[in-house]
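*Asks:* Below is a structure I'd like to ask you about.
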Amino acid sequence: MPSDITLNNHQPHAEKPLPWWTWIAPLAIIEAGDQISLLFFQDNITSSFYLPTSLGLILVFWWGPLRVFPSLFIITTLNNYFYGFSSYWIWFGFGLGDSCSIALSWFLFNILLKGKAWMPDTRNLVLFLVFGLAIPITCYAVNWQFMYVLNHNFGWAQFLPHLRRDLLGETIVNIIIVIPTLVFLTPLLSRKGLIPIPPIPVSAFTYLTRKKHTLEVALISAVVLALAFLFDFQDVWFLFGSISLYVAIRFGFDAVLVANVIIFSATYLVPTINHPEFVNTIIEGGNAPIFFGYLLLFLFAAVTGRVISDLRIIERELNAKNKELQQTNVELDRFVYSASHDMSAPLKSIRGLVNVGLLTKPTAEQEDYWRKIETSARKLEDFIDEVLHYSRNNRTELVLEELNIKQLCEEIFSHLRYFNEGNAPGIVFDHSANRTIIADRSRLKIILNNLLSNAIKYQKKDPSHHPLISISLREDEDRVTIRIDDNGEGIPIEIQPSVFKMFYRGNLKSTGSGLGLYIALEAANKMGGKITFQSEYGKGSTFMVELPNQ
Ligand code: ADP
């Protein structure tokens, strides 16, 4: 069964045919709605809650126009008998207008825009408000006014005021009934296979509230009820919208829909049950702008709630992806570490065997081969060492201790293989270097090891050149800076932006892996520091390691 949420509502759910009763259910449901509407009959022509259109809108998105259009047409045509319209063509006029508008809503939103009626995001909600509700409601409300005028219920002068009243009433009733029903019931029905919409993944929803919010929700409901029963609607209408907006921001879309239903029931439904003319008093005349404001606040709150929920869903997905990524990173790191580690042992035996080979009095040619094998093995060993450093930097926590920079550098120099190749560089320690700083020993060693070996490796090859490396330390209030100057070949300006990149090698003659500076920078970053440099091609380079002064 497909569970892809990108599938559209109108795609038939081929594997499971809909139950037979879905052909007649619309007739029963719409008829029940019609009977309830008759209870709210007022001013001899309309009802305060005209439910057949709202129910038609819901059902058409669940079962499509083939099942819903005929039922709606039959009922909205025949119910004119109860509403007291005498001429049959007026009956058909009402029936056709209502059913065509509902079919239009389905066509515009579901087919043309491929919208999802369970409104899983802000885009779908806004499209539904415009194409699923506003346009069709306008169509049938305009049609109603024509029918009333043609039936002589009122004159043309009443056309616009009456239209405004019906539009306001219909919009609020539809928003309150249609949207929550579609949002809450569609996933349920689709899971049970009762509508031709593929099952909607639970992860696509935000939930009402958590247990810890129960008290807050109870308090909000109590405030709504108190406002509704203790004050005049005209005096406190904006407070309802504000409460609705608060719920939207605090709890999201699902919650604001429920809040809107509660507010609507307290301010509109209950008073109307007691006094059927209540709707007229708030929708008509001077109160119409108030009602319009009330409606707008509801709309803003619903859209805001949807935006907040979208953000929460995105945040949830991002967090899950992040966790997944972190896990993959850890696994990858573990793999790199153990693979590199396992490669070291055979390499060491190769080097041992090379040494044995060299003792067996080889010919000049054979010795050359042995040396080449040794060089390659060493290169590979260096590379593995660097990968291990990188992996260790990622895996291990900082361990801070007191370190004397001069001593640390001397220790490093004593192990540097290139030290005795070519012209041995002169090393100058500024007196400032003979001081201690607090840092992570293994990381600082990685950094200095790379910088110092580069300062030796990238010396000028000219035999008359005297390589010189000087090391100094500067301590400021918030950071310490270790500075390494060399008078080597320098770094050409055009490659300077790239030297810290992974696997970047400045020239083809470089025997390194191109990982050195990248790893050094990573280690510095891990300690909360950074590495910068200045270099002039042909003159030399200065690398500066800045670390927080602990
Ligand atoms: P490699 O393994 O090639 O040494 P690094 O990441 O350590 O990789 O350095 C990247 C490149 O930066 C080197 O290939 C080299 O061209 C340049 N470079 C780094 N340090 C120096 C330096 N002190 N003097 C001149 N060039 C340098």
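The values are calculated or read from the model by the stated rules, or taken from the named source; none is laboratory data. Owing to the predicted nature of the structure, the values given are computational and were not obtained by experimental measurement. Every residue, glycine among them, receives a Cβ derived from its backbone with ideal geometry; neighbour counts consider all protein chains shown. These accessible areas exclude ligands, DNA and RNA; they are computed on the full protein's heavy atoms, side chains included. Shrake-Rupley method; radii C 1.70, N 1.55, O 1.52, S 1.80 Å.
*Asks:* Stick to Cα atoms and the Kirkwood definition of Rh, then tell me Rg/Rh for the range 397-548.
*Replies:* Answer for the range 397-548: 0.94.
*Asks:* Follow-up question, since we're still on this one. Check which residues have an amide H placed less than 5 Å from GLN550's amide H, if you skip close sequence neighbours.
*Replies:* Those lying under 5 Å, H to H, from GLN550 are ILE438.
*Asks:* With θ set to phi - 60° and the Karplus curve 6.51 cos²θ - 1.76 cosθ + 1.60, what are the ³J(HN,Hα) couplings of the range 319-327 in order, to the nearest whole Hz, using x for Gly and Pro?
*Replies:* 4, 4, 4, 4, 4, 4, 4, 4, 4
*Asks:* Same structure again: Along Cα→Cβ, 7 Å out, is where each label goes; now give me the distance between the ones at LYS539 and LEU39 in nm to one decimal.
*Replies:* 9.3 nm
*Asks:* Here is a follow-up. Rounded to the nearest 5, what % of DSSP beta bridges with both residues in the chain are antiparallel?
*Replies:* So the antiparallel bridges in the chain amount to around 90 percent.
*Asks:* Also, I was wondering about something else. Could you tell me what percent of the accessible area of the chain is made up of carbon and sulfur, with a 1.4 Å probe and every protein chain present?
*Replies:* So the carbon and sulfur contribution to the accessible surface is 63 percent.
*Asks:* Per DSSP helix of 4 or more residues, -39500 (n - 2.57); summed, then divided by the residues of the chain. What does that give at 222 nm, rounded to the nearest 500?
*Replies:* So the calculated ellipticity at 222 nm is -20000 deg cm²/dmol.
*Asks:* Over the range 1-201, what portion of Cα pair distances is larger than 23 Å, expressed as a whole percent?
*Replies:* Counting every Cα pair in the range 1-201, those more than 23 Å apart make up 42 percent.
*Asks:* How many angstrom lie between the C-alpha centres of the range 42-111 and the range 355-369?
*Replies:* Between the Cα centre of the range 42-111 and that of the range 355-369, the gap is 99 Å.
*Asks:* Still on this structure: Going by accessible area, probe 1.4 Å, with all protein chains left in place, what is the ranking of ASP342, ASP486, largest first?
*Replies:* Largest accessible area first, the list is ASP342, ASP486.
*Asks:* In Å², and per residue, what accessible area does the chain have when probed at 1.4 Å with the other protein chains present?
*Replies:* 51 Å²
*Asks:* Taking only the alpha-carbon positions of the chain and ignoring solvent, what does the Debye formula give for the base-10 log of I(q)/I(0) at q = 0.09, 0.10 Å⁻¹?
*Replies:* Here log10 of I(q) over I(0) equals -0.75, -0.84.
*Asks:* Give the cross-link partners of LYS530 among the lysines, using a straight C-alpha distance below 16 Å as the criterion and excluding same-chain residues fewer than 8 apart.
*Replies:* LYS445, LYS501
*Asks:* For the range 60-76, take each phi angle, set θ = phi - 60°, evaluate the Karplus expression 6.51 cos²θ - 1.76 cosθ + 1.60, and give the result in whole Hz per residue in order, putting x for glycine and proline.
*Replies:* With coefficients 6.51, -1.76 and 1.60, one gets 5, 7, 8, 10, x, x, 4, 7, 9, 4, x, 4, 5, 5, 4, 6, 5 Hz.
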